[in-house]
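Trainee: Okay, here's the structure, questions in a sec.
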Amino acid sequence: MAIALLALAVISTGLYAGFMLIFLTGIMPALARLTDDQFVVAMRRINEYVPRPVFILVFLAEIAFPAAALAVAVDGRTDTERWLLLAGLVCAVLNHLVTVGGNIPLNNALAASESTPGVEARAAFEGRWNRLHLVRTLLAVAAFALLVASALS
């Protein structure tokens, strides 16, 4: 059971970190080349379509599986394995706090800015969203690396 939970923790966290990294390195740089109006429309559509069941499942699993893996008693688990697992979970939780406290409110503000000209809506959104996204991407990648290290210890 413990091995399966740790494997699911690594898989779900890796999927989430990969999604964050692709957004950081591919999607946002591509969107940056759009005009203001195009950018705003594209981000609104992305923000409507991303929070679908598969994404929500992976988003929640990134916390649930590491927490479950940590909660299960394992004979022979070293302190190093436990600390790496805990550190990975902490990074995942911090990632979610940035997402829920920063990126989602910006997404909601962008959605509500229908009457705001594209240049103003983009200026209020893009820079802050990208900075927060960088932080949450680094946290997600760190969580993944720490869980892998825990599994390999």
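The values are calculated or read from the model by the stated rules, or taken from the named source; none is laboratory data. Remember, predicted model here, so these are calculated numbers, not experimental data. Because the Cβ atoms are built from the backbone with ideal geometry, glycine has one as well, and the counts that use them run over all protein chains shown. What goes into the accessible areas is simple: the full protein's heavy atoms, side chains included, and nothing from ligands, DNA or RNA. Shrake-Rupley method; radii C 1.70, N 1.55, O 1.52, S 1.80 Å.
Trainee: Would it be correct to say that Val98 is open to solvent by less than 60 Å² (accessible area, probe 1.4 Å), part of a loop (DSSP other than H, G, I, E, B) and closer than 30 Å to Ala2 by Cβ?
Mentor: no
Trainee: So which of Leu139, Leu106, Leu132 ends up being under 29 Å from Thr78 (Cβ atoms) and either in contact with a His (Cβ under 9 Å, 6 or more places away or on another chain) or at pLDDT 95 or above (or both)?
Mentor: The conditions single out Leu139.
Trainee: Are any residues in the range 1-46 in a loop (DSSP other than H, G, I, E, B), without any contact (Cβ under 8 Å) to a residue 60 or more places away in the chain and open to solvent by 60 Å² or more (accessible area, probe 1.4 Å), and if so, which ones?
Mentor: Arg33
Trainee: Filtering the range 125-153 down to residues that are small (Gly, Ala, Ser) and in contact with a helix residue (DSSP H, G or I) (Cβ under 7 Å, 6 or more places away or on another chain), which residue is nearest to Leu6 (Cα to Cα)?
Mentor: Going through the qualifying residues, I end up with Ala151.
Trainee: Please indicate, with yes or no, whether at least one residue in the range 103-120 is within 12 Å of the chain's Cα centre (by Cα) and open to solvent by 40 Å² or more (accessible area, probe 1.4 Å).
Mentor: Yes - at least one qualifying residue is present in the range 103-120.
Trainee: Exactly one condition in (1) over 21 Å from Ala9 (Cα atoms); (2) of a type in the set (Lys, Arg); (3) loosely packed, with under 14 Cβ neighbours inside 10 Å is not met by Arg52; state its number.
Mentor: (1)
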